[in-house]
Amino acid sequence: MADTPEQSDHTSVKARIESIKNNEMTAPDLFPFAGNPREEMPGGIPFRLMDYLELVDWTGRQIRDDKRGYISRALPPILLRLGFDKADWLNACTQVERGRLIGSSQAIKASLPHLNRKRLSGLRLPDS
């Protein structure tokens, strides 16, 4: 039993958060989020990753008799707990949903040969 989704072992939420921290496009073996439904929809879940994380956080805060635990209302929202500015997070998620690379310059450069790409393009996050 974990206090927050990001601490919950063996869950897709934790795997997706870890993949972001590791500059990966999506978590291994998980279907990516593709964003809001639109024409020429890329493959993936028609939902935004940030909305999914906020939904999981909101759902986890619900208190019910048939539920073993809940996320404390005293804790800040999940995006704040993860240290993401909402505007930066939205920008990063939007880039992923468009199939763009996200990560440090070094991580993007390292991924180019694996993706058969030659150009360095994508959203560069600051190195931590």
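The values are calculated or read from the model by the stated rules, or taken from the named source; none is laboratory data. As the structure is a prediction and not an experimental result, all values here were calculated from the model. Note that we place each Cβ from the backbone using ideal geometry, even for glycine, and neighbour counts take in every protein chain shown.
Here are a few things to note about the model shown:
Each row is one residue, and each column tells you yes or no for (1) surrounded by 14 or more Cβ atoms within 10 Å (Cβ to Cβ); (2) at pLDDT 85 or above.
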| site | (1), (2) |
| --- | --- |
| Gly44 | yes, no |
| Gln62 | no, yes |
| Ile71 | yes, yes |
| Thr94 | yes, no |
| Ile108 | yes, no |
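- Residue in segment 17-40 that is closer than 17 Å to Ile71 by Cβ, within 13 Å of the chain's Cα centre (by Cα) and at pLDDT 80 or above present: yes
- Conditions (1) out of contact with any helix residue (DSSP H, G or I) (no Cβ under 7 Å at 6 or more places or on another chain); (2) surrounded by 12 or more Cβ atoms within 10 Å (Cβ to Cβ); (3) closer than 30 Å to Lys109 by Cβ; number of the one not met by Trp58: (3)
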